[in-house]
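The values are calculated or read from the model by the stated rules, or taken from the named source; none is laboratory data. Please read these numbers as outputs of a predicted model, since none were measured by experiment. Cβ placement follows ideal geometry from the backbone for every residue including glycine, while neighbour counts extend to all protein chains displayed.
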Amino acid sequence: MSSNTATWDPSIQHRAQDTSTPLTHTQNNSTQNSNTSSPNIKSDQPKSQLEKEQLKWCNNVLRHMKRNINGKPFLSPVDPIAMNIPTYSQIIKTPMDISTIDRKLSTQQYPRAQAFIDDFHLMINNSSTFNPPEHSVHKQGKILQEWFHKQVEKSFPHEVIR
């Protein structure tokens, strides 16, 4: 299965047909001011309704992902020493797991759901890169990815997943 990333922004649904241009991190000037466009800059300004809805969706999906039996291997960071996999850090340069996604979500490091989706895909891609297809973690990652894509498609049916 190829690397899939879900990309969506309801303000640009008309671009959903064009899969050559990613629909990531666009700015809608009517709902964002310049001091909230960077994911690392926090603002006391209220979030737009779109951002609030996206973050509510992220929290809901994360809650269900934590309970999903196929999410179990992804709940905490990989510990290469405890798991006796010394090559992990040489192969996986940007580790990601559900607890890190949870922390980033709770500390408002995701300006929009797209960054949450990107981190989810990073986590699954790391699993697929490190573990061979016959490994249970690889298989569970693919099953979790299918479930995740259904959540995206159910909530945002007009957007592109790739």
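Would you mind stating whether Met123 is touching a Leu at 6+ places or on another chain (Cβ under 6 Å), without any contact (Cβ under 8 Å) to a residue 60 or more places away in the chain, buried (at least 19 other Cβ atoms within 10 Å of the Cβ) and under 26 Å from Leu55 (Cβ atoms)? Full working, then the answer.
Details: touching a Leu at 6+ places or on another chain (Cβ under 6 Å): no; without any contact (Cβ under 8 Å) to a residue 60 or more places away in the chain: yes; buried (at least 19 other Cβ atoms within 10 Å of the Cβ): yes; under 26 Å from Leu55 (Cβ atoms): yes.
Here the answer is no, as Met123 does not meet what is asked.
Residues of region 124-155 that are more than 14 Å from the chain's Cα centre (by Cα) and of a type in the set (Val, Ile, Thr): Thr129, Val137, Ile143. Within region 55-102, restricting attention to residues that are closer than 23 Å to Ser155 by Cα and of a type in the set (Lys, Arg), the residue that is surrounded by the most Cβ atoms within 10 Å (Cβ to Cβ) is Lys66. Within the set Val137, Val78, the sole residue that is part of a loop (DSSP other than H, G, I, E, B), out of contact with any strand residue (DSSP E or B) (no Cβ under 9 Å at 6 or more places or on another chain) and modelled with pLDDT of 95 or more turns out to be Val78.
When you go through Ser89, Ser38, Ser20 one by one, which is the residue that is modelled with pLDDT of 85 or more and out of contact with any helix residue (DSSP H, G or I) (no Cβ under 9 Å at 6 or more places or on another chain)? Can you show your working first?
Details: Ser38 fails: modelled with pLDDT of 85 or more; Ser20 fails: modelled with pLDDT of 85 or more.
Answer to the selection: Ser89.
The set of residues in region 85-131 that are outside any helix (DSSP H, G or I), hydrophobic (A, V, I, L, M, F, W, C) and under 17 Å from Lys66 (Cα atoms) contains only Met96.
Within region 103-120, the set of residues being surrounded by 12 or more Cβ atoms within 10 Å (Cβ to Cβ) and among the β-branched types (Val, Ile, Thr) comprises Ile117 only. Going through (1) touching a Cys at 6+ places or on another chain (Cβ under 9 Å); (2) at pLDDT 95 or above one by one, Ala113 falls short only on (2).
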